[in-house]
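For reference, the structure is listed below as structure tokens.
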Amino acid sequence: MKHVGRHMKTFFKQLLRSYRADFPCNNRNMSTFVSIINPVTGKTDWSLQNDDYDFHQEIARSAYADMLHDTERNQKYYSALRQAVGILRERGERIHVLDIGTGTGLLSMMAATLGADQVTACEAFSPMAECAKKGILQNGFADKIKLIPKRSTEILVGKDGDMESRANILITEVFDTELIGEGGIGTFTHAHKELLQNDCIVVPSVANMYVQPVRSDLVRRWRDILPIKMGGCDSINTPAELTNCGGAPSLHDLQLDQIPRDQFEVISAPIKVFRFDFSGKTPLPFENQSQNVVKSLTSGQVDGVFMWWDLEMDTQGEINLSCAPSWAHPNIEELQWRDHWMQAIYYPSIPLEVNKGEEVKVISYHDEYSLCFEVAKESSEKEDCHKEGGPVGSCGTHICFSRGRIGMMNDPVRRRIYEEILQKNVTSNTTCLCLGDGNIMALMAATLGCKKVFTVEANPSIRKVMESFIRKNGLGEVVTVLTKNPGALTPVDLGDCKVDLVLGEPYFQSSVLPWHNISHWYNIDQLSNILVDEAKIFPAAMTIKAMAVDFTDLWKIRAPVGMCEGFNLQVFDDLIERSSDIADETVEPQPLWEYPCTARSDVVDIYNFQYTSSWDETAVAVTKILNLQSEGRCNGVVLWADFDFGQNCVVSTGPREGSHVGKEVKWDIYTRQGVHLLKQPITSGSMGKDPEVKQAVHVTFNFRPKQGDLEFTFKSYS
């Protein structure tokens, strides 16, 4: 949100609170104005939302439910805590357990059940602290657990403090995909200094971090914009300043197991690069670096570094929780799906060519919150990662484009379709206008011989990237970069030319879901004064499509927990459901190539938009039916958009290889699809209550063209 938006939001909140002060009432469901950028029109709208909208949104998106569905996590925390309590009992000590970041209170209730004499839990996020308090009461532990609604770093120990004495067991889960990104180093350090006894037991006791350098064309496509090779023409080359920049050293988090095994080769076996000892026996370094030398198992380019970690839950290192992908997992039977702790890819600042058997130096660095990994030849003098925030991209590519967008620009399927359309429609007399953000079709059209290409790039960072490509490839006399909104363009801006060909991938940075790229249609509708009468428009249409599916695991992010390790978490479920009803949209974006699912219905066209026709203000309301045809469970609906370039050329953001009812769906890797998770899954086919009853999901689509609002509602029949 822009600063002016944040100030306006504060102003409206203050105005509403002043109104309440002057006119008190008993209605607790008061509202506040929330600034929302419409992803279709790009305009800022003010939406009247529940006054606690921000809180509810944070709660609904907190991933607590995902963690609570992680059976391995729960059971291994329980087992390690049981062992810790047993050790202190054998010592004859009184047991005081401190639970930092208690969340639902689950770990504290485990400690109380195991017979701890005293349990202190702290939780700084007030809605969760209140939830934990109610859950602890509901499960009968109110007299055994003291809840402190503070950060652990604010807790005082002493007669008049929050805790009368230091604890001798610490149990906590303050980890993210990067392990240390939630500030775990500082949390553990402060706890040992201020809150724990010297001979305490910490659960978990140790964390180990692993990396594995890989060679992969797929991974390479996420790193930077690759040269564009077109048949019969010179390639479009990438400027050196772009290829020599891996971007900021921030993680690219994803489910590594979903990368097809034939899409990468490992350069080495997994390497343990860091060991974090949480026990307090040695201080945790706030900054550290390691170097490991390995012999390359293959020849090629090091395109990325895979990273994951594991936890030694107990002091003996016997209870191990691993986040490793399947090929590196120490006990494949325990492999657990989890979305709160995934794996990640890091990209070296400069790609490194290696030969099989050659020694490669892997350099690893961390500060208090982040990680950095580099690779170098053993003979290289390079010793350090970039410690001041890493090799932040001066090229601009990684500032304005996500990894997914970079991959989309490199996608061979999309590039092939663009080239085919351009080959058939570009001549030496063509004047072309390109719309969208970072439209590589402008470069392709110019290289294929367009007389003149105009490309609209309002974003300064994207404009910088495009201009560097134009300079590198000597296209300055053909390609002109415009900064005006398409609706404001006049023939004068185009040198008194008129446009024969309008191109869009389409892609707009403001888009959240695939159909938000309908912005392309809105832009086209404003161009009548600069188009020739028979101008060609690509894509010519967009179709929103839908399919009912059964997600193998993704359903867990919204599913009620109910009972967890013997504890009733209904209070938590109620909180999440209320917050979700207030703050969640009916459709959310998800990169479904990472989340396996099975088709339970045929693909159904929801609505088709013809870009060659002007839109009017007539609202659209249609309902389509997804009939369940495959025996089994249905727990969600997926929606996506197909963009029709004509001549049998379609860019789909949905299934890459088609879809077949009862079979796993292979999704486009470079976009996020729209997902609606059913509150109550449907059991379809002969397993249903009555095989004669037609089971289905009805999808209602509402479109208000003037406002640019596209909304979906769902109703299931079982």
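Only the coordinates and a few stated rules stand behind these numbers; no lab work does. Since the model is a prediction, treat every value here as computed from it, not as a measurement. All Cβ positions, even for glycine, are placed from backbone atoms using ideal geometry, and neighbour counts span all protein chains on display.
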For each of His698, His340, count neighbouring Cβ atoms within 10 Å of the residue's Cβ, then give the residues from fewest to most.
His698, His340
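Can you bin segment 411-536 into rounded, prolate or oblate? Criterion: square roots of the alpha carbon gyration tensor eigenvalues sorted a ≥ b ≥ c, rounded for a/c under 1.5, prolate for a/b above b/c, oblate for the rest.
Values: a/c = 1.17, a/b = 1.03, b/c = 1.13.
In terms of gyration-tensor shape, rounded.
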Going by amide H atoms built from the backbone, whose H comes under 5 Å of the H on Cys564, apart from near neighbours?
Leu569
Quick one: 3J(HN,Hα) in Hz for segment 651-663, Karplus 6.51/-1.76/1.60 with θ = phi - 60°, rounded, Gly and Pro as x.
9, 10, 9, x, x, 7, 10, x, 9, 9, 4, x, 10
Highest to lowest packing among 327-335, 67-75, scored as the average C-beta count within 10 Å:
67-75, 327-335
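Under a Cβ-only charge scheme (Lys and Arg +1, Asp and Glu -1), can you give me the dipole magnitude of segment 541-717 about the Cα centre, in debye to the nearest 20?
On the way: 17 positive and 25 negative charges, 50 e Å.
Dipole size: approximately 240 debye.
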For the chain, longest principal axis from Cα atoms; helix 71-91 axis from its Cα atoms; angle between them, nearest 10 degrees, is 20
Rounded to the nearest 20 Debye, what is the dipole magnitude of the chain about its Cα centre when Lys and Arg each give +1 and Asp and Glu each give -1 at the C-beta?
780
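Treat the count of other C-beta atoms within 10 Å as a stand-in for reagent exposure and order Ile259, Ile136 from fewest to most.
Ile259, Ile136
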Calculated from DSSP H runs of 4 or more alone, at -39500 (n - 2.57) each and per residue, what is the 222 nm mean residue ellipticity of the chain, nearest 500?
-6500 deg cm²/dmol
Using a 10 Å cut-off on Cβ atoms, rank the peptides 409-415, 658-664 from the highest mean neighbour count down.
409-415, 658-664
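Rounded, prolate or oblate: which one fits segment 153-264, using the alpha carbon gyration tensor with axes a ≥ b ≥ c (rounded when a/c is under 1.5, else prolate when a/b beats b/c, else oblate)?
Because a/c hits 1.5 or more and a/b exceeds b/c, segment 153-264 counts as prolate.
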For Ile148, other-chain or 5+-apart residues with amide H closer than 5 Å (H placed, Pro excluded) are Ala121, Cys122, Glu123
Alpha carbon centroid spacing (whole Å) that separates segment 138-164 from segment 430-478:
61
Once you place label points 7 Å from the Cα toward the Cβ at Asn292 and Met563, how far apart are they in nm?
4.3
Run the numbers on the chain and let me know its relative contact order in percent, using alpha-carbon pairs under 8 Å that are six or more apart.
12
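Please report the antiparallel percentage of DSSP beta bridges with both residues in the chain, rounded to the nearest 5.
Bridges in the chain that DSSP calls antiparallel: roughly 75 percent.
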